[in-house]
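I have placed the structure first, in the form of structure tokens, so that the comments after it can refer back to it.
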Amino acid sequence: MTTFQTVAKLLAERIEIDVDQIHPETDLATLGADSLTVMELIFDLEDEFKISLGDERPTLVVVQDIVDHIDRYIKIAAEQPPQ
Amino acid sequence: MERVVITGLGAISALGIGADHNFAQALAGVSGIDYLNLSFTRQIPGCVAAQIRYPLPDLVKKSELSLFDRFSLMGWIAAHEAVQQSGINQESGQLDQSGVFWGTGMGGATTLENGYIDLFIEGKNRLRPLSIIASMNNSPAGQIALRCGFGGTVNTYSSACVSSAQAIGEAYRHIRHGYANRILAGGSEALLTFGIVTAWEAMKVLATADPSRPAEASQPFAANRSGLVLGEAAAAVMLESLSSAQARGATILAELVGYGASNDATHMSNPNPAGQARAMDMAIAGSGLTPTQIDYINAHGAGTAAGDATETESIKRVFGAHAQRLMVSSTKSMHGHTLGAAAALEFVLTVQALRNKAVPPTAFLRQPDPACDLDYVPLHGRRDQQIRAAMSNSFAFGGSNVALIVKDFV
């Protein structure tokens, strides 16, 4: 499953819509995903990908913004030696 | 000054969902008490509680559930029922003169405790992002205001077991003095967690159950009472100025006519008859009624040794000879002590008693304590009673006392 597919799946579950309604350029606010919803989604995604996004507070407007954000941290995690 | 009337009721407790259903169960003497079943890896053997053992109604979207602790969810369920019954909606107007006054003792304890489990037991280093919003004491008031569009004063009262009595009483004053036209008032509490119940156990005030009859563990005024039984609940009343209710042609259920509040100022947990009497006297004085016009008291009656005897004494001080003619019952014998929600739940039952002219019993009261010698309506509810006005008493650790009086609207 790609990062986008995982993000779309968890987002769809969280806001109770059909996953087919979610595309990379879909606007989060239009979907009804407000800032609190996105915070909760990020929390779930951290668990799902076993990453930690730290204190960064990026501007997330469309679904792809979340995907990019997650991918960046997956890459960072992959580059770090296991602890 | 404005008269204050009640146009909606809501309740959810171990007795079930709905103000009418809760009253029917209480009138029939049904207990909601059984052994406590915690959703935690550890249990508290022998502990009984008035626990809501059924799934909560599905009133909130799954996407919004992270915002809700159990006490907020229950609060919205009760508030929703009261608002629905009142007929008030977003088109009713005057929403900026409509408020929410809510009571809770310890708010979102479930959320906090789950967070502590994650941090201290599971070794996690972060908590869910909405833990603060879900657990804060004013979360239900905020949710109710948001969902009803009530843009007036929204206050939260936290005074242990009188929390929701203060919420209702202060709402009454608020409307009476013209600060608001409508206030959804009530309270909610959901503290049946491993940590909180263990803390209550340490205080040695919880009832011990007879293993053959756990449902009868709450025995207010009984000679063999052993303490209180914790419960969880939410209850709400829609309070309105008479002019607001009449202008929209609302059905008026009863009139709230008296509110008295005092503090013992003598001890943090030992009750004091003079302090309790001050609250009752204040409520009666403000109501325009004489004590003899009050026919029923829904007692605080938690089932503790000191509390029940003190309340008996304070009722005698206030009502004199009429105390022997009053019907006094503790519905905590059935729905347990629901702490910050208790006063609201019992107020809803008091309003129902007034309306139905029927008094729920002090269930399972077979042998009263000799120090408790009033008519506690033992064992069985009574129908077809004369009830012109009724009082609901609530007393709290910290010394706070509240009495509320309702009468038929005429």
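The values are calculated or read from the model by the stated rules, or taken from the named source; none is laboratory data. Values in this document were obtained by computation on a predicted structure and should not be read as measured data. Cβ sites come from the backbone with ideal geometry, for glycine too, and all protein chains shown count toward neighbours.
Only residues that are crowded, with 16+ Cβ neighbours inside 10 Å, in contact (Cβ under 8 Å) with a residue 60 or more places away in the chain and among the hydroxyl-bearing types (Ser, Thr, Tyr): list them for region B:89-139, please.
Within region B:89-139, B:SER92, B:SER98, B:THR104, B:THR110, B:SER135, B:SER139 meet the criteria.
Would you confirm whether any residue within region B:276-291 is without any contact (Cβ under 8 Å) to a residue 24 or more places away in the chain, outside any strand (DSSP E or B) and either touching a helix residue (DSSP H, G or I) at 6+ places or on another chain (Cβ under 9 Å) or within 27 Å of B:LEU27 (Cα to Cα) (or both)?
Kept after step one, since they are without any contact (Cβ under 8 Å) to a residue 24 or more places away in the chain, are these residues of region B:276-291: B:290.
The next check asks that each one be outside any strand (DSSP E or B); those that pass are B:290.
Retained after the next criterion (residues that are either touching a helix residue (DSSP H, G or I) at 6+ places or on another chain (Cβ under 9 Å) or within 27 Å of B:LEU27 (Cα to Cα) (or both)): B:290.
Within region B:276-291, one or more residues are without any contact (Cβ under 8 Å) to a residue 24 or more places away in the chain, outside any strand (DSSP E or B) and either touching a helix residue (DSSP H, G or I) at 6+ places or on another chain (Cβ under 9 Å) or within 27 Å of B:LEU27 (Cα to Cα) (or both).
Scan region B:20-35 residue by residue and report those that are surrounded by fewer than 22 Cβ atoms within 10 Å (Cβ to Cβ), of a type outside the set (Gly, Ala, Ser) and either within 14 Å of chain A (Cβ to nearest Cβ) or part of a loop (DSSP other than H, G, I, E, B) (or both).
The one that is surrounded by fewer than 22 Cβ atoms within 10 Å (Cβ to Cβ), of a type outside the set (Gly, Ala, Ser) and either within 14 Å of chain A (Cβ to nearest Cβ) or part of a loop (DSSP other than H, G, I, E, B) (or both): B:VAL30.
Tally time: how many residues in region A:57-82 are loosely packed, with under 10 Cβ neighbours inside 10 Å, outside any helix (DSSP H, G or I) and away from chain B (no Cβ under 14 Å)? Working first, answer last.
Let us first name the residues in region A:57-82 that are loosely packed, with under 10 Cβ neighbours inside 10 Å, namely A:57, A:59, A:78-82.
Among the residues that remain, those that are also outside any helix (DSSP H, G or I) are: A:57, A:59, A:80-82.
With away from chain B (no Cβ under 14 Å) added as a condition, the list becomes A:59, A:80-82.
The qualifying residues number 4.
Go through region A:1-28 and give me each residue that's aliphatic (A, V, I, L, M), farther than 22 Å from A:ILE76 by Cα and without any contact (Cβ under 8 Å) to a residue 12 or more places away in the chain.
Hits for region A:1-28 are A:ALA12, A:VAL19.
Which one is nearest to the other protein chains (Cβ to nearest Cβ) among residues in region A:15-30 that are surrounded by fewer than 19 Cβ atoms within 10 Å (Cβ to Cβ) and more than 19 Å from A:HIS69 (Cα to Cα)? Give the derivation first.
Here is the first cut: in region A:15-30, the residues surrounded by fewer than 19 Cβ atoms within 10 Å (Cβ to Cβ) are A:16-21, A:23-27, A:29-30.
Okay, now just the ones that are also more than 19 Å from A:HIS69 (Cα to Cα), so A:16-21, A:30.
On the way: A:GLU16: 5, A:ILE17: 9, A:ASP18: 14, A:VAL19: 14, A:ASP20: 17, A:GLN21: 14, A:THR30: 14 Å.
Going through the qualifying residues, I end up with A:GLU16.
Please tell me if B:LEU9 is assigned by TED's automatic domain parsing to the domain that holds B:ASN114, in contact with a Leu (Cβ under 7 Å, 6 or more places away or on another chain), part of a loop (DSSP other than H, G, I, E, B) and of a type outside the set (Val, Ile, Thr). Show your work before the answer.
Values: assigned by TED's automatic domain parsing to the domain that holds B:ASN114: yes; in contact with a Leu (Cβ under 7 Å, 6 or more places away or on another chain): yes; part of a loop (DSSP other than H, G, I, E, B): no; of a type outside the set (Val, Ile, Thr): yes.
Here the answer is no, as B:LEU9 does not meet what is asked.
Please verify whether region B:253-262 includes one or more residues that are touching a strand residue (DSSP E or B) at 6+ places or on another chain (Cβ under 7 Å) and not in a strand (DSSP E or B).
Taking region B:253-262 first, the residues touching a strand residue (DSSP E or B) at 6+ places or on another chain (Cβ under 7 Å) are B:253-262.
With the extra rule that they be not in a strand (DSSP E or B), the set shrinks to B:253.
Yes, that holds for at least one residue.
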